[in-house]
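Only one structure is covered here, and it is reproduced in the block below.
The values are calculated or read from the model by the stated rules, or taken from the named source; none is laboratory data. No experiment lies behind these values; they were computed from the predicted model shown. Quick reminder, even Gly has a Cβ in these numbers, built from the backbone with ideal geometry, and neighbours come from all protein chains shown.
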C-alpha cells in the first residue's frame, strides 16, 4: 500500500529555494517513502529524532552546506507522513521542528 506524503507549508517554501540537485533528492526521498514508508534506512545519516515520537531525518546532500529533511508520521493506520523541514543542517533545530 502506498503512503501519503504531505508537506508542511514552510517546507514547500524551503524546497523552492534549494539548489536543483537537492530538489531532485527530495523527489527521490518522497518516492522512496511513498513505496516503503517512513523508515528510509538507505538514506545517509537516517535516524529517529530523540525524544520525539515518529519523527525522523536524513541527509539529502553531504558537504558544505549539508542538506537535510525532517518528517513525521502523522497517522500510522492511514499511512500519512508530513515533511516538516527541508534545508541546511545548520538551520535545523530538530526538537522544535517536530
Of (1) under 16 Å from residue 89 (Cα atoms); (2) without any contact (Cβ under 8 Å) to a residue 24 or more places away in the chain; (3) out of contact with any strand residue (DSSP E or B) (no Cβ under 6 Å at 6 or more places or on another chain), residue 43 satisfies all except one. Which?
-> (3)
Is there a residue in the range 32-49 that is closer than 20 Å to residue 10 by Cβ and part of a helix (DSSP H, G or I)?
-> yes
Would you check which residues across the range 1-31 are within 15 Å of residue 73 (Cα to Cα), over 13 Å from the mean Cα position of the chain (by Cα) and outside any strand (DSSP E or B) and list them?
-> 2, 3
Are any residues in the range 41-60 in contact with a helix residue (DSSP H, G or I) (Cβ under 6 Å, 6 or more places away or on another chain) and either loosely packed, with under 13 Cβ neighbours inside 10 Å or modelled with pLDDT of 95 or more (or both), and if so, which ones?
-> 60
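Yes/no matrix, rows are residues, columns are (1) more than 16 Å from residue 40 (Cβ to Cβ); (2) under 12 Å from the mean Cα position of the chain (by Cα):
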{"residue": "57", "(1), (2)": "no, yes"}
{"residue": "60", "(1), (2)": "no, yes"}
{"residue": "64", "(1), (2)": "yes, no"}
{"residue": "67", "(1), (2)": "no, yes"}
{"residue": "71", "(1), (2)": "no, yes"}
{"residue": "75", "(1), (2)": "yes, no"}
{"residue": "82", "(1), (2)": "no, yes"}
{"residue": "87", "(1), (2)": "yes, yes"}
{"residue": "94", "(1), (2)": "no, yes"}
